[in-house]
Amino acid sequence: MDKQIISGDEAVARGAWEAGVRVAAAYPGTPSTEILENLSLFKDDVYVQWACNEKVAFEIAAGAAIGGVRSLAAMKHVGMNVAADPMFTLAYTGVNAGFVVVTADDPGCHSSQNEQDNRWYALHAKCLMLEPSDSAECRDFTIAAFELSEKYDIPVILRMTTRVCHSKSLVQLGQRQAPPVKTYEGNAQKYAMLPANARPRHAYVEENLARLEEVSSSSPLNRVEWGTDTKIGVISSGISYMYAKDAFGPEASYLKLGFTNPMPKSLIRDFCSRVDKVCIVEEGDGFIEYAVKALGIECTGKDVVPRLGELDSQTVALAFGLAEKPQVYSADAAAPARPPVLCAGCPHRGFYFALRSRRAKIAPVGDIGCYSLGCLPPFNGFDAALCMGSGWSSTIGLAKALKAQNDERKVLGLLGDSTFFHSGITGLIDVVHSNSDVILCLLDNSITAMTGHQDHPGTSGNLMGETVTPVDPLAIISATGLSDERIRIVDPIDQVQMGAALDEAIAASGPFVIICRRPCALLKPVMAANAGIRCVVNTEKCIGCRQCVKTACPSLTFENGKSVIYDPAGCTGCGLCMQQCRFGAIERIGG
Amino acid sequence: MKTTGILLTGVGGQGIILISKILTIGLADMGFEVKMSEIHGMSQRGGTVNTQLKYGQRVFSPTIGPGEADMIVSFEKSEALRALPYLKKGGTIVTDEKEIFSMPVLTGTAEYPHRALEALELAGCSVKRVPAAAIAEELGNGKVQNIVLLGALVKALGFSGSADWLAILRSNVPQKLVDINISAYEKGAAL
């Protein structure tokens, strides 16, 4: 079988397929998205689904495992918070067939709202945990995870980080070896977690974990690499092991942990007794350090290794005093900031542009998606954003808080269509149920855009490649009992429509929903429809008032006193700039 | 452990990930262990995009720290400047002269450093200028800028004859664009 250079995410998908996975579900989230995308290449063998959210994804996979087929759920770190509810109890019921949940953590917040270290979940939820360090281990550990899960009847967390997910290295591929489907026999005492059933299952969980500690200590996934001496013993896991190998070199001895819950206590004790000094290298929290210190072993770890951001080999070497900071060049010029921006033609730009002129009357709350970029200058489009769904639900409390301080601004919550299905609907229901005086804006661009255009329940396709009936957000919103007078559907690029809807919403009292509906400009059918259409500036008519430039479009700039279409190929001809020109200096051509 | 690190940088949409992939395959064919690390997500929306590539007999970390890049390949002039702190003393910068204005420059809140490359030379770096975007435009497709840079980069590494780069290229670009990509590679390699 051949070898390929693939990413950690691709290798997890490959390993899962080889291990005989039959059901896999996920909600897209960087850096985990490519796991399910790559599993969908095997859809003759594997049922794949983008679920509404991570909890649903977890439950789809849990149902499959209990039912007797190997299954996988994948999510980014914050997604595991959403899936935590079923996860804690699946540890009690056990899994029947192998069950693996992948958490893709994001130290450094490359694409996330926090840097949470999900290794604690394994300890807390009493699941087994494996931590691969590179793509080859991603494949191997995924296969091992299914075997361990099935053998010990326990959910396995496969914990990755951005650099493991998105780094590519050589992987030896194998063939699919799917175990037979296990029979599903109704067993309420094991799988229906009523209190009377849960109590004895908890006892089983504790016994199982105690037994698994010895399995961990003797597992080949944990290994000792003796160096040329035993002065320093390094304990590490995941990508941090790679940084440690560079920093400490071949002299040091290593305990390379791949199986980190339950911790291999006897192996750790034995390793530490044979080295003079124990150094722990780990990104994020002191998870290994906590376990080592609990054994009464002295070690150096988070007292020198940063808890914030990503590590790298140099940071580790500097932390332990193994190297000097290298000399670097410095130039007497600096690169201007290049923040990520809303694309040319992005429908969200129309929403934020209309919001900006009404900002004094509105206290906006944002959410997670492409539209998060609207928080940045020049739009400064919202002042708070917590997590998926909070953009709507938190408006209820914020409105109460503003009222308590006689702040008359109207609270506006915004979120996207994929987020609506993920966890916006419950917030909507509570806004209606509480008759809150807030505006809810649904920035509906007809796709999960930020993570690269995945389908969601509102689209007409699914990951299996089938055509399905789209779930209509409007029907759901109307079903809450909100009358048509309190719902507007607008094209956000059309500033007359968009502005009028916002003005009506500000003037109204009680819940008001604005659906800002226009598909993402990068969707293939939209790009095809826009081909050749673009805006041009008539420099004779342009007086240089700069109103159009305020739209902050990456295709537009101002040079030598005139507006200029800076990137004609990028311009989609959306016409937002054109609407700002009172002199008719911008025209749309090609349409 | 002696490894070589190449940092590729530019703006989202310039095809950096594709040439990193081709380079990775070629270096692996040459018998090196290769690791490549990329960052996706928010940065793709017009932000700076980096990939990091390391090769040698044995490679552990896939990433490159400050002062550790043997070579910086920049698809955009000001991005070469931004990546400068990652260049190893004595390392080389291979950069396009293409300018892409970021939002603060477009809206007039920041100045573009038009003399970025002169500043890099003044700082004492070895700078190899490659007009890849301009060559790609001449070839009739600005998008092959990345492959022109690939040709220049492979030559700068001294690896032009060490792997079958054209074959790797053929199997990693769309069938109908093979010819223009090969022309782009050859133009880059001839610089």
Filter the stretch A:1-58 down to residues that are of a type in the set (A, V, I, L, M), more than 25 Å from A:Pro457 (Cα to Cα) and assigned to a loop (DSSP other than H, G, I, E, B), then give me how many there are. 2
A careful count of residues in the stretch B:8-42 that are touching a Ser or Thr at 6+ places or on another chain (Cβ under 8 Å) and either closer than 15 Å to B:Val94 by Cα or among the β-branched types (Val, Ile, Thr) (or both) gives 9
For the stretch A:113-132, how many residues meet the condition of being of a type outside the set (A, V, I, L, M, F, W, C), within 15 Å of A:Met160 (Cα to Cα) and not in a loop (DSSP other than H, G, I, E, B)? 2
Being within 23 Å of the chain's Cα centre (by Cα) and among the aliphatic types (A, V, I, L, M) is the requirement here; does A:Ala385 meet it? yes
Tell me yes or no: at least one residue of the stretch A:104-112 is at pLDDT 95 or above and part of a strand (DSSP E or B). yes
Filter the stretch A:157-196 down to residues that are in a helix (DSSP H, G or I), of a type outside the set (A, V, I, L, M) and either away from chain B (no Cβ under 14 Å) or within 22 Å of A:Leu90 (Cβ to Cβ) (or both), then give me how many there are. 4
Looking at the stretch A:264-313 only, could you name the residues that are within 14 Å of chain B (Cβ to nearest Cβ) and either modelled with pLDDT under 95 or outside any loop (DSSP other than H, G, I, E, B) (or both)? A:Val281, A:Ser313
Among the listed residues B:Ala136, B:Ala184, B:Ala167, identify the single one that is more than 13 Å from every other protein chain (Cβ to nearest Cβ) and either crowded, with 20+ Cβ neighbours inside 10 Å or assigned to a loop (DSSP other than H, G, I, E, B) (or both). B:Ala184
Exactly one condition in (1) over 30 Å from A:Pro132 (Cα atoms); (2) within 7 Å of chain A (Cβ to nearest Cβ); (3) of a type outside the set (D, E, K, R) is not met by B:Gly65; state its number. (1)
Hey, A:Thr557 within 14 Å of another protein chain (Cβ to nearest Cβ), closer than 19 Å to A:Ala344 by Cα and free of Cβ contacts under 8 Å to residues at least 12 places away in the same chain or not: yes
Going residue by residue through the stretch A:170-177, is there one that turns out to be basic (Lys, Arg) and surrounded by 17 or more Cβ atoms within 10 Å (Cβ to Cβ)? no
For residues that are closer than 13 Å to A:Ile439 by Cα and within 31 Å of the chain's Cα centre (by Cα), scanning just the stretch A:490-517, find the one that is surrounded by the fewest Cβ atoms within 10 Å (Cβ to Cβ). A:Ile515
Tabulated pairs, the stretch B:157-175, first without any contact (Cβ under 8 Å) to a residue 60 or more places away in the chain, second assigned to a helix (DSSP H, G or I) and small (Gly, Ala, Ser), C-beta under 7 angstrom, 6+ apart or interchain: B:Ser160/B:Ala189
Looking across the stretch B:122-133 at residues that are part of a helix (DSSP H, G or I) and in contact with a strand residue (DSSP E or B) (Cβ under 9 Å, 6 or more places away or on another chain), the single one that is farthest from A:Gly570 (Cα to Cα) is B:Ala132
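Residues checked against (1) within 30 Å of B:Val59 (Cβ to Cβ); (2) in contact with a helix residue (DSSP H, G or I) (Cβ under 6 Å, 6 or more places away or on another chain); (3) surrounded by 20 or more Cβ atoms within 10 Å (Cβ to Cβ); (4) modelled with pLDDT of 95 or more:
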position	(1), (2), (3), (4)
A:Ser217	yes, yes, no, yes
A:Tyr241	yes, no, yes, yes
A:Lys245	yes, no, yes, yes
A:Tyr254	yes, no, yes, yes
A:Pro262	no, yes, yes, yes
Checking the structure you have, find out if any residue of the stretch B:120-127 is buried (at least 24 other Cβ atoms within 10 Å of the Cβ), under 19 Å from the mean Cα position of the chain (by Cα) and either in contact (Cβ under 8 Å) with a residue 24 or more places away in the chain or within 12 Å of chain A (Cβ to nearest Cβ) (or both). yes
Please indicate, with yes or no, whether at least one residue in the stretch A:31-45 is surrounded by fewer than 24 Cβ atoms within 10 Å (Cβ to Cβ) and within 11 Å of the chain's Cα centre (by Cα). no
Inspect all residues belonging to the stretch B:147-164 and state whether any of them is within 13 Å of chain A (Cβ to nearest Cβ) and either of a type in the set (D, E, K, R) or touching a Ser or Thr at 6+ places or on another chain (Cβ under 7 Å) (or both). no
Could you please let me know if B:Leu84 is under 12 Å from the mean Cα position of the chain (by Cα), in a helix (DSSP H, G or I) and within 24 Å of B:Ser37 (Cα to Cα)? no
In the stretch A:517-554, which residues are over 14 Å from A:Arg349 (Cα atoms) and touching a Cys at 6+ places or on another chain (Cβ under 6 Å)? A:Arg534, A:Cys535
Could you tell me whether any residue of the stretch B:111-118 is of a type in the set (Asp, Glu) and either out of contact with any Leu (no Cβ under 9 Å at 6 or more places or on another chain) or within 7 Å of chain A (Cβ to nearest Cβ) (or both)? yes
Residue that is touching a strand residue (DSSP E or B) at 6+ places or on another chain (Cβ under 7 Å), farther than 18 Å from A:Ala335 by Cα, at the interface with chain A (Cβ under 8 Å from one of its Cβ atoms) and crowded, with 20+ Cβ neighbours inside 10 Å, where the choices are B:Val11, B:Val34: B:Val34
Single condition A:Val328 does not satisfy, out of (1) facing chain B (nearest Cβ under 8 Å); (2) crowded, with 21+ Cβ neighbours inside 10 Å: (2)
A:Thr228 passes all but one of the listed conditions (1) modelled with pLDDT of 95 or more; (2) farther than 22 Å from A:Leu311 by Cα; the exception is number (1)
For the stretch A:89-103, what are the residues that are farther than 13 Å from A:Ala25 by Cβ, in contact with a Lys or Arg (Cβ under 8 Å, 6 or more places away or on another chain) and not in a loop (DSSP other than H, G, I, E, B)? A:Ala91, A:Tyr92, A:Thr93, A:Thr103
Residue, farthest from the other protein chains (Cβ to nearest Cβ), within the stretch B:91-109, restricted to residues that are part of a loop (DSSP other than H, G, I, E, B) and farther than 19 Å from B:Arg45 by Cα: B:Glu97
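The values are calculated or read from the model by the stated rules, or taken from the named source; none is laboratory data. This is a predicted model, so every value here is computed, not measured. Quick reminder, even Gly has a Cβ in these numbers, built from the backbone with ideal geometry, and neighbours come from all protein chains shown.
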